[in-house]
Every structure is written in structure tokens, then in C-alpha cells.
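The structure appears below as C-alpha cells.
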Amino acid sequence: MRNSGSEPSPIHVSEGDGIRVVVLGNAQDGGVPQMGCMCDNCNRVRAGHEPVKWVSSLALIDDAEHLFWIVDATPDFPRQYDFIVSVIPEDYTFKGMIITHAHIGHYLGLVYLGKEALSASDVPIIGTHSLTGFLNENAPFSQLVELRNVHLTPMDTFMPIKLSDGLTIQLLPVPHRNEFSDTVAIQISGPQSSLLYVPDIDNWDLWPNCDNLLINASIAIIDGTFYDEYELPNRNRNEISHPTVVESMKRFQSIVSSSSTDVYFTHLNHSNCLWSLEMEKGINNQGFRVLSQGEQFEL
């Protein structure tokens, strides 16, 4: 089973008084260890030498209004939900989920809101018209709608969405493999700063505004699926296109050097060498960071 090995041990999550973003996972859709893989990264986790890496997800918390939201419903959603409710006060209300796109690491966890598991009631699911249309038209997700476990909330891209008095998001379309729905990044804005979340993208050159978006964000969390082009020698890169970490660092080095934007990599594949502390220190020396599970940011 993929989730063998020791459970994650996130850093201490302290209570705030404004808007916080807490990292619930930083791995690609298959997590670490990945099913059937015997690479060194996966085996270190299976042996208990390193904690399990959950699939990329965020929690958005409004401490003033005692509310929280979760970005993406991953295969690890039950454990991620249990973690976040264990580190916030009991009176905080779960207000819904924002789904970036319909690839397995980002929406399959919605099934745990159904009658076989949480049996939730009218949880708002925010996504594009394409994404919510896909969920409404395809089982088993359509059953969640029929049984009112979820309430689909389609939103236009680029339109500010006010989640609470202190928290606003925007869905920003990005180029990615759109087999079932379109794909978005999320701009998350609090009273004092903003965070840009881009867990999946095919190519920075196909997203012309990306440089300005990074410059204008206090924090940018971006696709770091593969470290370089040599990582998967037996796979066709055209079928699994992502900008490599090496390519992204080259493109955004001037932004990191000349602006106040902090750039973090997330959505790391199980094969990524950045799971090694030594390699992580190497990109730190260039001004970049690997996103840590349990890390939090104040907005």
C-alpha cells in the first residue's frame, strides 16, 4: 500500500488571528511512497526512515471568523482533513473546497464526502464551470450532488471570489492537460499579502502573464513535479509535460533575486531528487525552497 511507512510529522502549526495558509501536502498525485515503486525515495519512506508525503493540498484558515477551506481533494483527503481539524480550535467551521482541476490527485478525494464516509451535507465545491460540469455529469461524483453531500459552486476565472471578510481568491486559467476539465492556478489574497498557487502547469511560455503574477505575489508556490529532463528516461515527456525545477529556476531567478517574492516548489514526483536534503539545500542556495508539509504562511 502507498501509505505504508511512518505518518507525516508536520511542523507545529500555531494559532493566528488573521488569514493563514497551511500546507497539507507537497507530493505529486501518487504521493510518496508511490504504489509499486521501489526507488530509493519510496523505500526510505516504507522503511520508516522518512515520513509519508501527502499529495499537494492547502488549507485556508480565517482565524478571525473561525472558518477554513481546503484546496484540492486528494487521495489523502481523509488524513489531511483530520490533521487540519486537529490543529485548529473545535469551533472552526469547514466552509468548502476549491478544486484546481480533474486529475486524480486533485479531485478523487471528493468521494470521501459521500454516504460511505463522512456523509457531509451541502459542502460547497468551488471550481470553474468546466470542472463543476464534469462532476455534475459523471458518477460517482454526480451522486454526491444528488444526495446533497456537496453543493457545486461554478465560478468564472479572473473574478474575485470573497470567501470571508479577510480572504479573497481568484481562479486563473493555466495551460495543462485538460482531458476532463480545464485547469486553474489560485491567487489567494489576505489583508496584508497574497499567495499564488500553481500546482500543475505544462509550460511557462504558454502562460504569458506568469512573470507578473509571481512578481506581484508575496509567496509563489509552483509546480516542481520533476527536477530535470533526465529524471524519467523511459517516459515520453510530451505525455507528462511539466516545467522542470531546473527550467523554472532559470526562468524565475531574476524575480527571486530582485523582488520580495518567495518561491517554493510543490507537487514533487516520487522520483524527484529534491526529496534529498542535500539537493534541497542546493536550490536553497539559489534562493528557492521546497514546500514543507505542515508549513504555514500568514496573509
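Here are some notes:
- Qualifying position, being under 21 Å from Gly31 (Cα atoms) and at pLDDT 95 or above, among His242, His267: His267
- Neighbours by Cβ (under 7 Å, 6+ apart or cross-chain): first from the range 192-205, modelled with pLDDT of 95 or more; second in a strand (DSSP E or B) and among the acidic types (Asp, Glu): Val198/Asp223; Pro199/Asp223; Asp200/Asp223; Ile201/Asp223
- Criterion: within 20 Å of the chain's Cα centre (by Cα) and open to solvent by less than 10 Å² (accessible area, probe 1.4 Å) - qualifying residue of Ile99, Ile88, Ile104: Ile99
- Within the range 86-101, considering residues that are at pLDDT below 95 and either touching a helix residue (DSSP H, G or I) at 6+ places or on another chain (Cβ under 6 Å) or aliphatic (A, V, I, L, M) (or both), the one nearest to Gly18 (Cα to Cα): Ile88
- Residues being over 21 Å from the mean Cα position of the chain (by Cα) and assigned to a loop (DSSP other than H, G, I, E, B) - total across the range 19-49: 7
- Restricting the first member to the range 233-261 and to residues that are closer than 20 Å to Glu280 by Cα, and the second to residues that are of a type in the set (Lys, Arg) and open to solvent by 60 Å² or more (accessible area, probe 1.4 Å), the beta-carbon pairs closer than 9 Å and six or more apart or on different chains are Pro243/Arg251.
- Scan the range 140-150 for residues that are open to solvent by 60 Å² or more (accessible area, probe 1.4 Å) and either over 24 Å from the mean Cα position of the chain (by Cα) or among the hydroxyl-bearing types (Ser, Thr, Tyr) (or both) and the total you get is 4.
- Tally of residues being in contact (Cβ under 8 Å) with a residue 12 or more places away in the chain and over 20 Å from the mean Cα position of the chain (by Cα) across the range 219-232: 4
- Lone unmet requirement of (1) closer than 24 Å to Val174 by Cα; (2) among the charged types (D, E, K, R); (3) under 19 Å from the mean Cα position of the chain (by Cα) for Lys53: (1)
- Condition met for Ile88 (part of a helix (DSSP H, G or I) and more than 20 Å from Leu147 (Cβ to Cβ)): no
- Extreme residue, nearest to Thr132 (Cα to Cα), among residues of the range 182-204 that are open to solvent by 10 Å² or more (accessible area, probe 1.4 Å) and hydroxyl-bearing (Ser, Thr, Tyr): Ser189
- In the condition set (1) exposed (fewer than 15 other Cβ atoms within 10 Å of the Cβ); (2) touching a strand residue (DSSP E or B) at 6+ places or on another chain (Cβ under 7 Å); (3) more than 29 Å from Leu268 (Cα to Cα), Glu116 is compliant with all but (2).
- Conditions (1) open to solvent by less than 50 Å² (accessible area, probe 1.4 Å); (2) modelled with pLDDT of 95 or more; number of the one not met by Ser4: (2)
- A single entry from Ala47, Ala27, Ala73 fulfils the requirement of being over 17 Å from Gly166 (Cβ atoms), open to solvent by less than 40 Å² (accessible area, probe 1.4 Å) and either out of contact with any helix residue (DSSP H, G or I) (no Cβ under 7 Å at 6 or more places or on another chain) or polar (S, T, N, Q) (or both): Ala27.
- Checking every residue in the range 120-138 against the condition of being in contact with a helix residue (DSSP H, G or I) (Cβ under 6 Å, 6 or more places away or on another chain) and open to solvent by 40 Å² or more (accessible area, probe 1.4 Å) gives at least one match.
The values are calculated or read from the model by the stated rules, or taken from the named source; none is laboratory data. Please read all numbers here as calculations on a predicted model, not as lab measurements. Reconstructed Cβ throughout: ideal geometry from the backbone, glycine too, with neighbour counts over all protein chains shown. The protein model used for the area step is the full one, side chains on, heavy atoms only, and it has no ligands, DNA or RNA in it. Shrake-Rupley method; radii C 1.70, N 1.55, O 1.52, S 1.80 Å.
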